[in-house]
Amino acid sequence: MTYAFPPPRTPTAEIHGTEQRFPVRRIYCVGRNYPAHAREMGSNPEREAPFFFSKPADALMPNGAAVPYPSATANLHHEIELVVAIGRGGRNIAVAAAPDHIFGYAVGNDLTRRDLQTAARESRHPWDVGKGFDHSAPMSAIHPVAGRGHVERGRIWLSVNGDLRQEGDVADMIWRVPEIVATLSTFFELQPGDLIFTGTPAGVGPLQPGDRIEGGVDGLDQLHMTIAPLKD
Ligand code: MN
C-alpha cells in the first residue's frame, strides 16, 4: 500500500516529566460549564445536559506558541480551560468508572472567533468556523494522574499582558469531569488520545496581535502563549 501523498503527522502533546509524547486523536469541548460564564454569554446556568463541540486534532498548539491572529474575525476571544486527556477508551462509561479512563490533565485555551460563533448561534448554524479553526487549541503539558492525582478543585485563571481577566475554581463546574466523560461516551466511543476541553470560567474577552497570555490551573504547568504581531 502506498499513499498518494505523505499522510499528515499525528499531532502530539507534551507529557510532564517524560520525553514520551501523547498522541492526539480527537479534541472535544464542553460549552457553558461554569455558571458565571453561562450568565455572561446570556444563558441561564441551569443544569441542562452538557453539550459538546469539537476542534480538529491539528488545531493543537504547544506551550509557548505564538498563535497567528486568525482570518475572518475581528473578535478573537480567550477561554482558559482544564483539559482532560483520555488514556483508556470506552463507550457508556459509568460516572464512577470515569476517573479510570483519564490519563492526565492540562491547561488549554479554547480560542474562539466570538463574532462568528455568535452569528452561528443566532442563525442556528454549526459552530465550526467559530471554534474549530487552525491553531485554536493551545495547551500546556499533560500531568499524568499517576504523578499528580485527579483535578477536582483549584484556582483556574488567565491574564493578558499581566492583567487578570479570568478567574474561577474548577470545583465550580456545572458538570464535573467524571460526568463529562460519562456523558460524552454515550455519544462517541472514547479512545486513548482524546482530549476534552471542559469549559471556561467567567471573564472571556478579546485578544489583539502582540498580546502575551498566561493561564493556569493549580498544580498544573502554566500555559504561556502570545498572539503573533501582525506583519506589515
Ligand atoms: Mn470553551
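The values are calculated or read from the model by the stated rules, or taken from the named source; none is laboratory data. None of these values were measured; they are calculated from a predicted model. Every residue, glycine as well, gets a Cβ built from its backbone with ideal geometry; the counts of neighbours run over all protein chains shown.
I'd like the full set of residues that are closer than 25 Å to PRO62 by Cα, among the aliphatic types (A, V, I, L, M) and more than 16 Å from the chain's Cα centre (by Cα), limited to segment 147-201.
Residues satisfying the conditions are VAL160, LEU164, LEU190.
Go through segment 208-220 and give me each residue that's in a loop (DSSP other than H, G, I, E, B) and either in contact with a Gly (Cβ under 6 Å, 6 or more places away or on another chain) or within 17 Å of ASN63 (Cβ to Cβ) (or both).
From segment 208-220, those in a loop (DSSP other than H, G, I, E, B) are 208-211, 218-220; that's our starting set.
Correct list: ASP211, ASP218, GLY219, LEU220.
Going residue by residue through segment 90-101, is there one that turns out to be in a loop (DSSP other than H, G, I, E, B), in contact with a helix residue (DSSP H, G or I) (Cβ under 7 Å, 6 or more places away or on another chain) and within 16 Å of the ligand (Cβ to nearest atom)? Spell out how you get there, then give the answer.
Initial filter on segment 90-101 (in a loop (DSSP other than H, G, I, E, B)): 91-94.
The next check asks that each one be in contact with a helix residue (DSSP H, G or I) (Cβ under 7 Å, 6 or more places away or on another chain); those that pass are 91-94.
Adding the requirement that they be within 16 Å of the ligand (Cβ to nearest atom) leaves none.
No - not one qualifying residue is present in segment 90-101.
I need a count of the residues in segment 24-55 that are assigned to a strand (DSSP E or B) and exposed (fewer than 13 other Cβ atoms within 10 Å of the Cβ).
Of the residues in segment 24-55, 0 are assigned to a strand (DSSP E or B) and exposed (fewer than 13 other Cβ atoms within 10 Å of the Cβ).
Would you point out which residue out of ALA74, ALA59 is away from the ligand (no atom under 16 Å from the Cβ), closer than 27 Å to GLN208 by Cβ and touching a residue at least 12 places away in the same chain (Cβ under 8 Å)? Step through it out loud before you land on a result.
Details: ALA59 fails: away from the ligand (no atom under 16 Å from the Cβ).
When all the criteria are applied, what remains is ALA74.
List the number of the failed condition for ASN44; all other conditions in (1) within 15 Å of the ligand (Cβ to nearest atom); (2) touching a helix residue (DSSP H, G or I) at 6+ places or on another chain (Cβ under 9 Å); (3) at pLDDT below 95 hold.
Here ASN44 clears every test but (1).
Yes/no per residue for (1) at pLDDT 95 or above; (2) of a type in the set (Gly, Ala, Ser); (3) crowded, with 24+ Cβ neighbours inside 10 Å:
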residue	(1), (2), (3)
HIS101	yes, no, no
THR112	yes, no, yes
SER140	yes, yes, yes
VAL145	yes, no, no
